[in-house]
Amino acid sequence: MSQNTYKETLGKIKDLQDQLEQQFDQLLSEKRTQFKYRFKKGRVVFEKEISELHKKHRIDVWTYIKNSNPLYILTSPIIYGVIIPLVLLDAAVFVYQQICFRVYGIPIVKRADYIVIDRQNLDYLNAIEKFNCMYCGYGNGLIEYIREIFARTEQYWCPIKHARHARNRHPYVENFVDYGDAENYKSCLHMLRKQLNESQDKS
């Protein structure tokens, strides 16, 4: 496969991803109409009759615990305990980004674009389920947020492709310098840093 063919394929994938995002936004709009909710000051609000219907489907906490697999209860301290390193990681990366990205001229990654916590507004979930949903929304969103921060960091400091194929690479990698291309590394490094700085100006 030639380099041009590879780039053409990447371009097609990017176009399809853009189309998919547009279709997903349209689908969300249709779902808001179907399930009768809207946003009010950033909070999801259901129509009154829908909210009442949701409450009828809620399982109370005691029944939920009583019917749970005992192993789920025994392992719950382990999964909930991960919140401690997550919060510490969140704080460390936040400080790193706020200081270093401003020095390097890299655009700041917005947490709100990645960490979405809204499922606690669903009245058919009990308190435990709401907490679990908040936890999952925070954990997964945080990882995506941190991934974007380190992807931009990598483009600034070490934009070289790996010799070995890695699964689920972040999109910046495709513009990195080929592994072993010593001749073009310095010029590409300068270009990729400039791209990040320019995206800061456009944002």
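Please go through (1) in a helix (DSSP H, G or I); (2) surrounded by fewer than 13 Cβ atoms within 10 Å (Cβ to Cβ) for ILE128 and return the number of the only condition it doesn't satisfy.
Of everything listed in (1) in a helix (DSSP H, G or I); (2) surrounded by fewer than 13 Cβ atoms within 10 Å (Cβ to Cβ), ILE128 misses just condition (2).
Restricting attention to the range 143-190, report how many residues are basic (Lys, Arg) and not in a helix (DSSP H, G or I). So that I can check it myself, show each step before the final result.
Taking the range 143-190 and keeping what is basic (Lys, Arg), we get 147, 152, 161, 164, 167, 169, 186.
Now restrict to residues that are not in a helix (DSSP H, G or I): 161, 164, 167, 169.
Of the residues in that region, 4 qualify.
Determine, yes or no, whether ILE108 is at pLDDT 95 or above, surrounded by 13 or more Cβ atoms within 10 Å (Cβ to Cβ) and not in a loop (DSSP other than H, G, I, E, B).
No, not satisfied.
Looking at the range 12-56, which of its residues are among the polar types (S, T, N, Q) and either in contact with a Phe, Trp or Tyr (Cβ under 7 Å, 6 or more places away or on another chain) or touching a residue at least 40 places away in the same chain (Cβ under 8 Å) (or both)?
The one that is among the polar types (S, T, N, Q) and either in contact with a Phe, Trp or Tyr (Cβ under 7 Å, 6 or more places away or on another chain) or touching a residue at least 40 places away in the same chain (Cβ under 8 Å) (or both): SER51.
Name the residue that is surrounded by the most Cβ atoms within 10 Å (Cβ to Cβ), counting only residues in the range 18-68 that are among the charged types (D, E, K, R) and within 19 Å of PHE131 (Cα to Cα).
Among those residues, the one meeting the criterion is ARG58.
Residue-by-condition table, conditions (1) loosely packed, with under 13 Cβ neighbours inside 10 Å; (2) over 25 Å from the mean Cα position of the chain (by Cα):
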{"residue": "GLY139", "(1), (2)": "no, no"}
{"residue": "PHE150", "(1), (2)": "no, no"}
{"residue": "LYS161", "(1), (2)": "no, no"}
{"residue": "HIS165", "(1), (2)": "yes, no"}
{"residue": "MET191", "(1), (2)": "no, yes"}
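Is at least one residue of the range 118-139 more than 30 Å from HIS54 (Cα to Cα) and either at pLDDT below 95 or not basic (Lys, Arg) (or both)?
No, because not a single residue in the range 118-139 is more than 30 Å from HIS54 (Cα to Cα) and either at pLDDT below 95 or not basic (Lys, Arg) (or both).
Here are the criteria: (1) in a helix (DSSP H, G or I); (2) touching a Phe, Trp or Tyr at 6+ places or on another chain (Cβ under 7 Å); (3) free of Cβ contacts under 8 Å to residues at least 24 places away in the same chain. Tell me which single one ARG102 does not satisfy.
Status for ARG102: all satisfied but (2).
The values are calculated or read from the model by the stated rules, or taken from the named source; none is laboratory data. Keep in mind that what you see is a predicted model, and the values were worked out from it rather than measured. Here Cβ is always computed from backbone atoms with ideal geometry, including for glycine, and neighbour counts include all displayed protein chains.
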